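The values are calculated or read from the model by the stated rules, or taken from the named source; none is laboratory data. Note that the coordinates shown come from a computational prediction; the quantities given were computed from them, not determined experimentally. Using ideal geometry, Cβ is built from the backbone for each residue, glycine included, and neighbour counts are taken over all protein chains shown.
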Ligand SMILES: Cc1ncc(COP(=O)(O)O)c(C=O)c1O
């Protein structure tokens, strides 16, 4: 591609993105596509000869976009929503232009040092002490895997054995179990501790489990409390967990992949209570700091603990020693590391802490307002306390109705919600987190939920008993 062609197509791509971001609401959130349809639509083999760039862009619009689940849609409210605002998109473009590999300081001083600068800024915004050593990884799953390996090595085990035992709550994210398995921890030595009525890990049961394991010759080495669990956004008692763990010289890794970023707002500083004394923390700006996928921040109390676990320097990577020249590859699994800090830097600077904190605060307020409306309706219940921006709710009628309701809503293309089972009951998760989601979107979704459920009830109820099953009248949001 010549520089002139690059300009032409580059401007066209930026125009396309600007239009897309402005009109994301017009796209179905969930695409109307069958499994395998893109595979069938594209040629079975790659082209032997170059293709005109116009054709590639056309196919992007015709074949790719309509089959994309629109995570940028303001009514994407499933899983944990994320965002790619223009600032982050431009940073990704520029990072791709420079295309550095931040494995060594020498291989990209800019990417290496910007990672240190942005993670130090973020640390301060979160109210954490200066000793934390941060690095950017792709996902929280990778960050947690690093924590578990470092914890194992710190306990004196360079390799796994069948005694090492790890603890988390029953509501902990599956990445913890997966990370433990990948680190060689035996499946039967992963303890998922029961929770209390607020879905928070019960420290008394944690302490009892550790005692029982010690009596059976196990080696408790790591505990992972969560701040903002995936299923209900519950908060484990980090400080109490820490006190228990410290008695047994166990590593404490705090999974605040979702909930942690709220601490940049003074009102939510408390969510990281105790985390500052833990051994490691994961927090995902790609979940809830409006930074595009992927960017997970892994903080460790002492960078030497990571070096003990991950440093291996072959001759071809050796560089001259300098205390200010950090070689990030020695502190984690990946050698090649892309320039992710650029999009964090662009986001932090374009918005500033106060604006980002206000956005998060507004989303939490909107989620709470919606939860209050749902709780006030006799046909619905809110199934868990709303600490952050996740509302977990269900129609009181039946599991089958909730599943069908969810399916109909998602199939409408106007909203995306996700399912879960909570205490054996089918619930619906609604997670606010996209930067464009506003109160009108939530109001519209609540109306859709009620209307769809009423239509379903009307279709199923025999004429004679209509009105007995549910209070189907739509409630307006006069809050
Ligand atoms: C609490 C929590 N931890 C970890 C993860 C895993 O995140 P990632 O997709 O970045 O691996 C998630 C994902 O939703 C999560 O909610």
Please specify each residue of the stretch 403-422 satisfying the condition of being closer than 16 Å to residue 380 by Cβ and out of contact with any helix residue (DSSP H, G or I) (no Cβ under 9 Å at 6 or more places or on another chain).
403, 406, 420, 422
From the set of residues in the stretch 252-269 that are part of a helix (DSSP H, G or I) and within 10 Å of the ligand (Cβ to nearest atom), which is nearest to residue 126 (Cα to Cα)?
260
When you look at residue 248, is it surrounded by fewer than 20 Cβ atoms within 10 Å (Cβ to Cβ), in contact (Cβ under 8 Å) with a residue 12 or more places away in the chain and in contact with a strand residue (DSSP E or B) (Cβ under 6 Å, 6 or more places away or on another chain), yes or no?
yes
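Just a yes or no: is a residue in the stretch 43-51 in contact with a helix residue (DSSP H, G or I) (Cβ under 7 Å, 6 or more places away or on another chain) and more than 16 Å from the ligand (Cβ to nearest atom)? Full working, then the answer.
Here is the first cut: in the stretch 43-51, the ones in contact with a helix residue (DSSP H, G or I) (Cβ under 7 Å, 6 or more places away or on another chain) are none.
No, the stretch 43-51 has no match at all.
Quick check on residue 381: is it surrounded by fewer than 20 Cβ atoms within 10 Å (Cβ to Cβ), closer than 20 Å to residue 26 by Cβ and modelled with pLDDT of 95 or more?
Details: surrounded by fewer than 20 Cβ atoms within 10 Å (Cβ to Cβ): yes; closer than 20 Å to residue 26 by Cβ: no; modelled with pLDDT of 95 or more: yes.
Judged against the criteria, residue 381 is not a match.
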Identify the single condition in (1) surrounded by fewer than 21 Cβ atoms within 10 Å (Cβ to Cβ); (2) away from the ligand (no atom under 13 Å from the Cβ); (3) more than 17 Å from residue 147 (Cα to Cα) that residue 272 does not satisfy, given that it satisfies every other one.
(1)
Residue 35 being in the same structural domain as residue 73 (by TED's automatic domain parsing), in a loop (DSSP other than H, G, I, E, B) and without any contact (Cβ under 8 Å) to a residue 24 or more places away in the chain:
yes
Residue pairs, Cβ under 6 Å, 6 or more apart or interchain, first in the stretch 113-130 and within 13 Å of residue 102 (Cβ to Cβ), second part of a helix (DSSP H, G or I). List them.
114/341; 114/345; 115/341; 118/341; 118/344; 118/345
I'm trying to understand the selection: among the residues of the stretch 93-113, which are crowded, with 19+ Cβ neighbours inside 10 Å and either part of a helix (DSSP H, G or I) or within 16 Å of the ligand (Cβ to nearest atom) (or both)?
111, 112
Scanning the stretch 132-142 for residues that are surrounded by fewer than 24 Cβ atoms within 10 Å (Cβ to Cβ) and assigned to a helix (DSSP H, G or I), which turns out nearest to the ligand (Cβ to nearest atom)?
141
Count of residues meeting criterion [touching a strand residue (DSSP E or B) at 6+ places or on another chain (Cβ under 6 Å), part of a helix (DSSP H, G or I) and within 11 Å of the ligand (Cβ to nearest atom)] in the stretch 283-323
0
Odd one out for residue 238 among (1) under 24 Å from residue 424 (Cα atoms); (2) crowded, with 23+ Cβ neighbours inside 10 Å
(1)
The stretch 332-388, residues that are touching a strand residue (DSSP E or B) at 6+ places or on another chain (Cβ under 7 Å) and not in a helix (DSSP H, G or I):
332, 340, 379, 380, 381, 382, 383, 384, 387
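Okay, residues lined up against (1) outside the structural domain of residue 435 (by TED's automatic domain parsing); (2) within 26 Å of residue 104 (Cβ to Cβ); (3) crowded, with 16+ Cβ neighbours inside 10 Å:
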position: 306; (1), (2), (3): yes, yes, yes
position: 321; (1), (2), (3): yes, yes, no
position: 345; (1), (2), (3): yes, yes, yes
position: 376; (1), (2), (3): no, no, no
